[in-house]
Structure formats: C-alpha cells, structure tokens
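These notes concern the structure reproduced below.
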Amino acid sequence: MAEFKKSIVLTLKYEGFDVYTDISSDRGGATKWGISLNFAKGTNDLDIFDLDNDGQITKKDISLLDSEKALEIYKEYFWDIAWLDRLESDKKAFIFFDAIVNHGLRNATGLLQKTLIQMGHKIKFDRDFGKNTFGALQEADEAQFIDVFLEKRKNFFLKIVENNPSQNKFIKGWLNRIQWCKRDVEKL
C-alpha cells in the first residue's frame, strides 16, 4: 500500500517548505508549507486553521503554520480524500497526490479521469472522485499512467496561461514541477 511519508517529502520540496509568501497575483493568497489562505478559508475548519484562536482564518494563521500542522493538513485534506493509502503503487499515489495539492481535488480528478479514459478505462468524466475512478487508477498501467497524466497536467498549466496571460509569470515554475515529478517518481 502507498505510504504518505514517501509522497509528502517530495511534494513539500515543490511547495517551498516553510517559506511564507504573499504575492498579490497568486490566486491562492498568502501561503506557507504550500497551504494557501484561500484553501484554508474554503475549508471553514477553525479547529485546524485558526492557529491564533481569534475566530477567523487570516494571513496570520498561515504564517503560524508549522511542519506538524502542515503534515496533518496534507494527510487529511489531500491524501485521505483520495484513499491513497489503499493504492498499491507509491508512484501512482505520488503523481496523483501532487496534482491534488497543486490543482485541487476536482481539477486533479478531472485530469485523472481524462487520463484513464484515454488509456481505455470505462469510467465517467464528472470530476468527482469515487470508487470507479479509484478502481481504474488502481488497475492502470503504472508507466503509461505517469506519462499520460503528467502530459495532461502540463497542458492544464498551458491552458491557464492561454486563458489568463497574467499567470504567465508562474509557467516556468509549473512546468519545472512536471519535470521534477518525472524525475522524483523514479525514487519511489
């Protein structure tokens, strides 16, 4: 079964570890450990994200994130929601996990479903992660899945920039991330 610890150590390299950023053009807002303010607010989970106990989730809470809390968030909100500990392949788990972290579950699932359909799996494209999508991922040829899925992610990034040229400043980093995934998946 896939191990969270193997994937998170790779993805955290791409997310900048404990570096706090607050770039006005970054749609996620203030970010630390790869956890963005907009994501945190979207969960409405004060128990996890209200670190200064003021009753709201703010930039200050993001700045207070430590590694232990970040790992807890990644496990609950990005790993467990896709049942990745039940996946038999650490490589497939890492590749999909990194996409969930980077794109969100619905977008990552849409890319996953398009990949699996292209590979010949008979599943529905609905961007909802469920047992049929998970089963197809479990059955998918590992090497082919990695190649096709990473190509879909690359095209996803290119489409973002095509639709919103202001995001072009991020494309080099996004495309580097795809290359790093290709390289790092071989370490698993």
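The values are calculated or read from the model by the stated rules, or taken from the named source; none is laboratory data. These numbers come from a predicted model, not from an experiment. Positions of Cβ are backbone-derived with ideal geometry, glycine not excepted, and every protein chain shown enters the neighbour counts.
Could you check the range 49-68 and list, in sequence order, the residues that are part of a loop (DSSP other than H, G, I, E, B) and under 13 Å from Gly29 (Cβ atoms)?
Scanning the range 49-68 gives Ile57, Thr58.
Within the range 113-166, take every residue that is over 20 Å from the mean Cα position of the chain (by Cα) and not in a helix (DSSP H, G or I) and give me the one that is surrounded by the fewest Cβ atoms within 10 Å (Cβ to Cβ).
Lys122
Can you name the number of the only condition in (1) in a helix (DSSP H, G or I); (2) over 25 Å from Pro165 (Cα atoms) that Met1 fails?
For Met1, the failing item is (1).
Conditions: (1) touching a strand residue (DSSP E or B) at 6+ places or on another chain (Cβ under 9 Å); (2) not in a loop (DSSP other than H, G, I, E, B). Glu72 meets all but one. Number of the miss?
Unmet for Glu72, out of (1) touching a strand residue (DSSP E or B) at 6+ places or on another chain (Cβ under 9 Å); (2) not in a loop (DSSP other than H, G, I, E, B): (1).
Select from the range 27-61 the residues that are out of contact with any Gly (no Cβ under 6 Å at 6 or more places or on another chain) and either among the hydroxyl-bearing types (Ser, Thr, Tyr) or assigned by TED's automatic domain parsing to the domain that holds Gln167 (or both) and list them in ascending order.
Of everything in the range 27-61, those that are out of contact with any Gly (no Cβ under 6 Å at 6 or more places or on another chain) and either among the hydroxyl-bearing types (Ser, Thr, Tyr) or assigned by TED's automatic domain parsing to the domain that holds Gln167 (or both) turn out to be Thr31, Thr43, Thr58.
Could you list all residues from the range 120-170 that are under 25 Å from Met1 (Cβ atoms) and among the hydrophobic types (A, V, I, L, M, F, W, C)?
Ile123, Phe129, Phe134, Ala136, Leu137, Ala140, Ala143, Phe145, Ile146, Val148, Phe149, Leu150
Six or more apart or on different chains, Cβ atoms under 8 Å: show the pairs whose first residue is in the range 24-41 and buried (at least 16 other Cβ atoms within 10 Å of the Cβ) and whose second is in a strand (DSSP E or B) and not small (Gly, Ala, Ser).
From residues that are buried (at least 16 other Cβ atoms within 10 Å of the Cβ), the pairs are Ala30/Thr21; Thr31/Thr21; Lys32/Thr21; Leu37/Thr31.
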